[in-house]
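Only the coordinates and a few stated rules stand behind these numbers; no lab work does. Since this is a predicted model, take the numbers as computed values, not measurements. Cβ coordinates were reconstructed from backbone atoms using ideal geometry, including for glycine residues, and neighbour counts include every protein chain displayed.
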Amino acid sequence: MGKFLFFILSTLGCSPDYSIVTGETETIVVTETVTETETVEIEVPVYIEVEVPSDAEEPGLVWVDSFTQPMSLDGIDILWVIDRSGSMNRFNADVLAGVQAMLAALPSADWRVVMINADPNHSVTSNVFPLVPGDDILDAEVMLSTLSSAHKEEGFNAVYEYIVNNPYSSTWMRNDAGLLVVFVSDEEEQSDYNYPAALDFISWYGSLRMGSVFMASIVNLDSTLSMCDWPPSVIDVGDRYIDATLSIGGTVIDICDEDWSPGVTDATHSVEPYEKLTLSHKAIADSVRVFVNGSLSAYGWYYQESDNTVYFSTIPSAGELVEIGYRYEVATPSDTGP
């Protein structure tokens, strides 16, 4: 789920303290006459403010947690895109444990899982039959063994080549199913020729399956966050994978984490419609507001302070943008003295 600061704080000290601002575009025709008439169309941003009543004296910072409700899914297709360069051999057991955690978290039907190579030269010719309900970790181990060593770490290109240019993918992938891609690599994503920026890949990927696409990345994190015994080199941090994943509210997992299962399980559950949302910060209870597509929600919902979660008694519809705005207090560090 994305977290976006769409609130604006009042500088006048009067109610309302904050409002959600959504940007829209209006086309205005400007005509200028000299010796002839020429029509020029320009784009003018129009901002719409939705006011939220609140007490001007109420303390705390403002935050918005948000999500777009997944489209109705007829099953889920899953691609594990795995770097098969030599340095990745040490993670084979972790990959299998991660896949096993996913199989345990998936529903009892309507899912298909395939592992492909992060080298597009291999993914474009892959013809491995997917794992389906009833398959287990032994079947996953056989599938992983079919991925031969490869030197390219081009996860974005590998996904594109597999889906668009590999005829075999159309024999099992379904246009009416959701799509989850899990990238696994201990090096940076290197499809920079076709995708100069991570969002170039997302602009294509996000257009698939009517937007019902999801992502997780199991990669090296920055040295300040990494769990590796030896912090990874800057060039091996998976920034492009991370940027792409976070841009659609996906899950990022440290490849050096001893247990990928919690993150993999979260990624698996992310394809399910949201019935509740745990907030990023501890909310001031009476400040919580829910907006759907920029308007105050007409849905039934309630905030439960004990677990800091908003529950929906009426589930938001597919494709709707849900934003939950609230105030939260920032803990003041105690003064320990000189």
Exercise. When a footprinting reagent is the concern and you count Cβ atoms within 10 Å, what order do T224, T251, T68 take, fewest first?
Worked result: T224, T68, T251
For this session: List the chymotrypsin sites (Phe, Trp or Tyr not before Pro) within region 193-233 that fall in a DSSP loop (any state other than H, G, I, E or B) and whose Cβ has at most 13 other Cβ atoms within 10 Å.
Result: Y193
For this session: Search the structure for amide H atoms under 5 Å from the amide H of I218, placed 1.01 Å from N in the peptide plane, and list their residues when 5 or more places away or on another chain.
Result: F183, V184, S185, I253
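What list do you get for H151, H281 if you sort them by fewest beta carbons within 10 Å?
So the ranking, lowest neighbour count to highest, is H151, H281.
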Problem set entry | Rounded, prolate or oblate (a/c below 1.5 giving rounded, otherwise prolate when a/b exceeds b/c) for region 128-210 by Cα gyration tensor | oblate
Seminar exercise, completed: Fewest to most Cβ atoms within 10 Å: V124, V292 sort as V292, V124
For this session: With a/c under 1.5 counting as rounded, go ahead and sort region 76-269 into rounded, prolate or oblate using the C-alpha gyration tensor (a ≥ b ≥ c being the square roots of the eigenvalues; past the cut-off, prolate if a/b is larger than b/c, else oblate).
Result: rounded
Seminar exercise, completed: Honestly region 228-338 on the Cα gyration tensor test (a ≥ b ≥ c root eigenvalues; a/c under 1.5 rounded, otherwise a/b vs b/c for prolate or oblate) is just oblate
